[in-house]
1. For residues that are open to solvent by less than 10 Å² (accessible area, probe 1.4 Å) and of a type in the set (Val, Ile, Thr), scanning just the stretch 95-133, find the one that is farthest from Arg36 (Cα to Cα).
2. So, in the stretch 160-204, exactly how many residues are hydrophobic (A, V, I, L, M, F, W, C) and under 30 Å from the mean Cα position of the chain (by Cα)?
3. Looking at Arg36, Arg58, which is the one that is out of contact with any Phe, Trp or Tyr (no Cβ under 7 Å at 6 or more places or on another chain), within 28 Å of Leu168 (Cβ to Cβ) and open to solvent by 40 Å² or more (accessible area, probe 1.4 Å)?
4. Can you find even one residue in the stretch 70-80 that is touching a Pro at 6+ places or on another chain (Cβ under 7 Å) and open to solvent by 50 Å² or more (accessible area, probe 1.4 Å)?
5. Run down Asp107, Asp91, Asp97 and say which single residue is of a type in the set (Asp, Glu) and over 25 Å from the mean Cα position of the chain (by Cα).
6. I need the full set of residues from the stretch 155-177 which are open to solvent by 30 Å² or more (accessible area, probe 1.4 Å) and hydroxyl-bearing (Ser, Thr, Tyr), in order please.
7. Of the residues Phe63, Phe96, which single one is aromatic (Phe, Trp, Tyr) and in contact with a Leu (Cβ under 9 Å, 6 or more places away or on another chain)?
8. Residue check, Met86 against (1) in contact (Cβ under 8 Å) with a residue 24 or more places away in the chain; (2) surrounded by fewer than 19 Cβ atoms within 10 Å (Cβ to Cβ), all met but one. Which one?
Amino acid sequence: MPFSIALSFPGGRFHATPWGRHSNEGVVEWPPSPWRLLRALAATWKRVLPDDAQVSTRMEALFTQLALPPVFKLPRVAVGQTRHYMPLTKDRTLVFDNFVAMSPTDDFGLYWPDADLNGAELEVMARLLKHLNYFGRAESWCEARICHDWASLSGAECSWLDPMSGELGIGATREDTEPVRVLCADPQGWRDWGYGKDAARPDPQWNLLAETLDLHRERWSDPPGSRWLTYLRPRQAFATQRASRAVSDEALWFKQWDTTSAHPPTLARYALSSNVLPRLTETVYVAEIARRYAQGYFGRRNNRASSPVLSGKTAQHERRTDDHQHAFYLPTDEDGDGKLDHLTVYAPEGLGIDELKSLSAFSEMYGPGGN
């Protein structure tokens, strides 16, 4: 019967660079290659269960079936990147870390329609998946399991084109898709040996188990025992649904309340995001910039009128003297790194409907020079 597995990434990221590409090219591997999965399962076998006879005697039969091309089920994802300087040489080297970001609760699925695992092979597979704690680079923590209900996995199916006939694989469609090369096992060559005499000899002597260092040393363009297949990936595979910041009179970001209540909201909170966050020593400066921008948002929405709550001034532009009931702008460093990362707007007298609409639209502010 067909066989499928599901993987989730508790850290919300899958880190892997496609074979033959450099990490600084900014390209991510999606879908993850079946060749990578088989090597990960083989590494789990050799690292965790090397002396388990039940596992070792069934690995060849198990991999023979998993060497067939699978169908993928791809959840909604986005592409992310971080950059760091690493001391790889005398001068620091800029390194790009590219990854696929997804919900930690979403599953990525693989389905082998032609596999027929018996009870013992299913048990071995379950044990391997239990010990598979990362997939891709070491920071790609994963949880893997046998999936007994393929249809229950959400996401778009992604299948291959037959390399000889060009016919669509199971679940494939040409509508709104794009081709992507995926590195798969060669059903005829994964358990052969194509390396020279100086390469480390694994046990058993399979191409699938070869050391990556030997592969590079012998200058293989592609790993022996593998093959490239063309899959049809949804064209919007990396499209994300961005939450709209637009605010209407009917749908506000805050909970509606009784406008006649004596207890209107008094607090608005913001997280600051910038390539370079302002320093803690700039607290008063940032607070003043925030006050000006909040009042500016109010003025644009209210025919250039001034809000006594947000501005701290009367309609005649005079300083209010009513016991400090106007809004206070409080930038804070809440992770202790010396950089301001949050802003709190606190108005003891309460924020009216117009102030709340303006604060909900308050999304960016700049200092002199565009900082």
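1. Here the answer is Val124.
2. Result for the stretch 160-204: 10.
3. After applying the criteria, what remains is Arg36.
4. No: zero hits.
5. On the way: Asp107 fails: over 25 Å from the mean Cα position of the chain (by Cα); Asp97 fails: over 25 Å from the mean Cα position of the chain (by Cα).
Answer to the check: Asp91.
6. Once the filter is applied, which keeps residues that are open to solvent by 30 Å² or more (accessible area, probe 1.4 Å) and hydroxyl-bearing (Ser, Thr, Tyr), the stretch 155-177 yields Ser165, Thr173.
7. Working: Phe96 fails: in contact with a Leu (Cβ under 9 Å, 6 or more places away or on another chain).
Answer to the check: Phe63.
8. The one condition Met86 does not meet is (1).
The values are calculated or read from the model by the stated rules, or taken from the named source; none is laboratory data. Predicted model only: the values in this text are computed from it and were never measured. Cβ atoms come from the backbone with ideal geometry, glycine included; neighbour counts cover every protein chain shown. Note: areas computed on protein heavy atoms with side chains; ligands, DNA, RNA excluded. Shrake-Rupley method; radii C 1.70, N 1.55, O 1.52, S 1.80 Å.
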